[in-house]
Each structure stands twice: as structure tokens, then as C-alpha cells.
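Readers should treat all values here as calculations from the given coordinates under stated rules, not as data from a laboratory. Predicted model only: the values in this text are computed from it and were never measured. No Cβ is skipped: glycine too gets one built from the backbone with ideal geometry, and neighbour counts run over all protein chains shown.
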Amino acid sequence: MTSHRPGLIALTAAALVAVFLLLPLLAVVPVSFTAARYLSMPNGNYALTHYRTLFTNPDWANSILLSIRIGVVSSALATTLATLFCVGIWMFRPRFGAALVGFVLLPMIVPPVVSAMTLYFLLTGLSQVSSLVGFDTWLGVVLAHVVMIVPFCVVLIMVSLSQVDRRIDLAARGMGASVWQRATRIILPNIKFGLLTAAMLSFVLSWEEIGVTLFITSVNAITLPRLMWSGVRDNIDPAIASISVILIVLTTLVLIIRMVYSSLRSAPKH
Amino acid sequence: MRKPLSSLSFLVLAGPLLAFLTLVYLIPFLGVAQWSITLPEPGLTQYQRLAGDPLVLSVFLRTFRICAMVTVITVIAAYMIAYVWVRGTPLQQRLAELCILIPFWISVLTRAFGWLALLSNRGLVNSWLQSLGFISEPLTLVRNEFGVIIGMTHFLIPFAVFPLASAMRSLDERVFLAARGMGAGPLRIFWKVFVPMTFSGIIGATLIVFVFALGFFVTPAILGGGRSVMVAELIYLRMFQSPDWGLGAAISVTLVVIVAALMALLFRYARLGDTGVSK
């Protein structure tokens with residue numbers, strides 16, 4: 001098998017890095033149970049006050065609902081646009097395909113703060129035309145999030161398209177299938193797992209987006225990260241710790257389930 | 001082969017996204033670029049200010065210094081954990097994967113907050129040190145450059161792990177057998193054979209981390225506490241605290257030019273296919 005396993009030094013170094021990676025996530029847990037109204041250790045007084053706040057304070061509930069709505073709509077739009085684009089590039093292999101893909105990946109490469117300024121420019125401009133899509137509206141945030149997450153969808157869908165056997169598509173074409181039939185009957189069913197992953201990743205990315213959201217919202221469209229941001233910046237609110245613990249536990253559970261599922265699925269093949 | 005019908009189908013498929021990004025991203029960016037040469041008056045004044053203003057220059061220098069330090073620490077740390085992720089026993093691989101992916105999927109805000117909980121004056125580290133009697137006054141561990149470096153390194157490690165791991169996975173197993181057969185010990189195999197063979201991954205990881213670090217905003221703003229402002233935060237401050245849109249736009253354009261130059265380097269020295277951005 002693998003002839004070259006990590007030795008003791010390498011394992012120790014990796015363990016230190018692992019501790020460094022997990023430490024801040026664990027540190028949130030005791031803080032979330034503090035009885036005080038500022039960031040502190042519980043020191044024996046454990047309380048669930050800050051978990052209760054998440055449910056009783058309408059600000060938290062509203063921002064969670066808003067983030068879910070924005071995430072679902074942005075993810076659906078971004079996945080659809082990216083799917084159409086990638087299938088087009090894959091089927092027709094245009095001469096400047098690489099340049100076109102490079103262009104749609106730009107929002108991933110350009111520093112987020114520059115994208116934020118660009119989208120601020122766009123949305124303040126749109127505000128003068130329509131009050132529905134503009135600065136500090138939920139549709140404005142959706143527009144901005146689609147821009148920011150669509151490159152990630154394109155990368156994921158391109159990866160899963162690259163694993164599709166072109167000969168299936170050639171066979172379909174040889175038997176007279178139209179472009180529409182090839183796309184819907186041959187290509188899409190072959191990449192449905194990739195599409196699902198893209199939709200999930202783009203929801204998560206929208207759900208936690210803060211860099212751009214900060215520039216394009218002020219008082220109306222307060223997403224969950226936007227609310228957390230004000231709680232972290234002004235005076236540190238321990239409710240942030242409790243929402244963080246919930247998010248960390250959810251993420252960890254999903255990852256462990258995924259890991260167990262994929263090892264169960266791949267095990268019988270050996 | 002290239003029939004008009006097929007180019008029409010191509011446009012219907014790829015057109016929407018291209019049109020969307022042109023309208024809501026490319027054109028507005030040109031608008032921002034235009035701000036940089038028209039606000040407050042037409043001309044290159046903002047770029048002259050950028051080059052001559054000691055405050056702006058010091059922010060750029062600090063950004064480069066912090067990014068360089070963060071990049072070196074991040075790539076070394078990522079290399080160690082990527083090594084175990086790729087070459088450890090199955091159990092070690094699983095554990096390493098969880099340690100990489102859990103932080104990766106958790107939002108940057110939560111992670112920065114975790115460091116606050118750990119390092120702030122009433123945080124875990126200071127509480128423990130005080131209750132154990134090592135210190136009487138809390139140490140200032142965040143709201144300074146130290147905090148920024150810690151937080152950014154933590155955020156960027158997973159992004160460095162993916163290109164490194166994909167470089168490590170592509171190695172030919174027989175080379176190590178040959179090295180061992182010729183009498184090299186494990187340490188020597190690691191330094192003289194393994195590390196040099198992953199060089200393209202190291203270059204890729206370095207550039208990706210540096211580019212990401214340059215435009216970083218959230219972590220420095222939270223953990224720097226306004227004391228060690230970096231370029232991205234300067235843009236934010238110029239936009240919203242001292243409305244100076246012209247200068248903010250000029251800094252943005254400069255940042256894009258720097259990133260474009262670095263990306264050109266990346267494409268030249270490490271093919272993007274090797275960097276495993278898609279993990």
C-alpha cells in the first residue's frame with residue numbers, strides 16, 4: 001500500500017494545526033452559556049439566556065427567515081444560470097470557451113471588497129429606477145449574492161460535466177436527438193449529483209455572505225450575518241456565541257453524516 | 001459543422017449568464033473605475049494622492065507585510081495537515097479531513113468571533129492565565145496585528161490545503177520505493193523527494209492564499225479593532241465613514257490590477273488545473 005506514512009514529527013505538527021483549527025470553534029461553547037450580558041466565561045453561572053434570546057427577540061427570527069429566503073432564491077437562480085452556461089460550453093465547445101469561463105469566474109477572483117463596491121454602485125443606481133430592486137432591499141441582496149456565488153456553481157458543475165462520457169452524447173446525437181433532448185435526457189441526468197452539490201454550496205455561501213452584504217444593506221435587509229456583524233462590532237453580544245454554537249453543531253453533524261454515508265457507499269465496491 | 005442553429009442554441013444556453021454578469025458586474029465595475037478618475041473632479045488626482053499620501057501608503061505596506069507573514073505561516077501549517085490527510089492511515093485521514101472541512105464550512109464571522117471568545121480580555125486564555133496566577137492584567141491578544149494574523153491564518157488554511165493535497169495525490173508511489181531502496185531514511189525522503197515534488201502545489205497555494213489575503217475584510221475589521229487597518233478596510237472606511245468615493249474607487253482599481261498580475265503569475269507557474277480550487 002502506501003509506502004511512505006507520516007512519522008511522529010509530521011503527526012505532531014499536523015495535530016497542532018488541527019488543534020489550532022478547532023480551538024476557536026470550541027471556545028465559543030462555554031461563552032454561549034454565560035449569564036452575563038457581555039462576552040465572558042460563565043465562571044460557574046451557566047445560563048441559557050442567550051439561546052432564549054434567539055427565539056424571543058424578533059430581530060434574530062426575522063433575520064434568519066430573511067437569510068433563508070435570500071439563500072433559496074439566490075441559490076436557485078445561480079444554479080440555473082450556471083447550469084445553462086456550463087451545458088452550453090460543454091456541448092458546443094466554442095473557440096473562446098476558456099475565456100468565457102474565465103470571465104464568469106471573475107467575482108470569485110476579484111477581491112470581495114472590490115465586488116462589494118461594484119455592487120454598491122449598481123444597486124444605488126438601480127434604487128433611483130425602482131424601489132423593488134435596489135440598495136437595502138432583499139431582491140437587491142439576491143442580485144448581489146447571485147453574482148458572488150455563481151462562479152462556485154460554475155466550478156462545481158464544470159467538474160461534474162468533465163466526468164460525463166462524451167460518447168453517450170455522441171450516440172444520442174447520431175440517433176437524431178435535438179439539442180434540447182440531449183441536454184435534458186442525457187446531460188442533466190448524468191450530472192444531477194453535481195447540480196445538487198452546487199445548489200447546496202450556493203445556499204450556504206449566500207447564507208453566510210457578509211463582505212458584500214455589508215456594503216449594500218443598511219436598516220431594512222438585515223440578514224443573519226449582517227445582524228451578527230453589528231453584534232460583534234459594537235459591543236460583543238453573547239447571543240452571537242449561541243447562534244454560532246448552533247451553526248457549528250449543524251455543520252459538524254452534516255459533515256460527519258456525509259463522511260459516514262460516502263464511506264458506506266464506497267465500501268461494497270472494494 | 002458550425003451551423004447557425006447550433007450557435008443560436010449556444011447563445012440561448014450560455015447567453016443568460018454572460019449577459020447577467022456583463023450587466024450587473026462588468027459595467028458597474030467600469031462605473032467604479034470611472035469614479036476613480038472623475039470624483040471629485042476629472043483627472044488622475046486620486047491616483048496621485050494614492051501614491052503620495054503617507055497614510056494610504058502605510059496601509060498598503062502593512063497589508064503586504066501582514067499578507068506575506070500570513071501566507072508563509074498558512075502554507076507551512078496547511079502543508080503539515082495536508083500531508084497527513086493524503087498519506088496518513090485511513091483513521092488519520094478521516095480526522096484530518098474533518099479538521100479541515102469543519103472550519104471551511106463555518107462562516108468567517110463565526111470563526112472570527114471564536115477567536116474573540118478565546119483571546120479577548122475576558123476570553124478563555126486570559127481567564128485561565130489569570131485564575132492560574134500567571135498574569136495579573138489581561139494580555140492584549142486581539143484588536144491588534146497579532147489577532148489579525150491569527151484570524152487570517154485560521155481562515156486561509158483550508159484554501160491552501162486543497163491545492164497542496166491535490167499536488168500530493170498526484171505523486172508517483174514508485175519514486176519513494178526507489179528512494180528507500182537506495183537507502184534514504186524517512187526524513188530524507190520527505191525533504192529531498194516529497195517536498196520538491198509538490199513544488200507546483202506550494203506555488204499554487206502561496207499565490208491563492210496571498211491573493212485571498214490581500215482583499216480580506218471581515219477578519220481584520222473584527223480582530224484588528226480598527227488599529228491595524230488593511231487595504232480592504234480602508235476602502236470600506238473611505239466609502240462609508242469619510243465619504244471619499246473617488247479615493248475608495250482608486251484603491252479598488254489598484255487592488256484589481258495587483259490581483260490580476262498575481263493571477264497571471266499563477267497561471268504561468270502552476271496550471272490552474274493543479275490547484276484543486278474545486279477541492
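Values as computed for the structure displayed
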| quantity | calculated |
| --- | --- |
| Shielding score for A:237-243, defined as the mean number of other chain Cβ atoms within 10 Å | 2 |
| Along chain A, longest interval not containing exposed chymotrypsin sites (Phe, Trp or Tyr not before Pro), exposed being DSSP loop plus at most 12 other Cβ atoms within 10 Å | A:97-270 |
| Computed helical MRE - 222 nm, chain A, DSSP H runs ≥ 4 contributing -39500 (n - 2.57), nearest 500 | -23500 deg cm²/dmol |
| Neighbouring partner chain Cβ atoms per residue of A:217-223, average, 10 Å criterion | 0 |
| Virtual spin-label span in nm between residue B:128 and residue A:220, 7 Å along Cα→Cβ | 4.8 |
| For peptides B:134-145, B:22-33, B:200-211, sequence by mean Cβ density within 10 Å, most packed first | B:200-211, B:22-33, B:134-145 |
| Residue A:129-residue A:61 FRET efficiency (beta carbon distance; Förster radius 35 Å; 0.05 resolution) | 0.65 |
| Residue mean of other protein chain beta carbons inside 10 Å, B:22-31 | 6 |
| Segment residue A:36-residue A:178, length gained on full extension (0.36 nm per residue, minus Cα span) | 44.5 nm |
| Helix runs (DSSP H) in chain B reaching 15 Å along axis by Cα, Kyte-Doolittle at least -1.0 | B:4-21, B:27-38, B:54-87, B:90-105, B:108-119, B:145-169, B:199-214, B:245-269 |
| Segment B:1-82: trypsin sites (Lys or Arg not before Pro) in DSSP coil with no more than 14 other Cβ atoms inside 10 Å | B:2 |
| Listed residues B:194, B:216, B:20, most fluctuating in chain B (Gaussian network, C-alpha, under 10 Å) | B:20 |
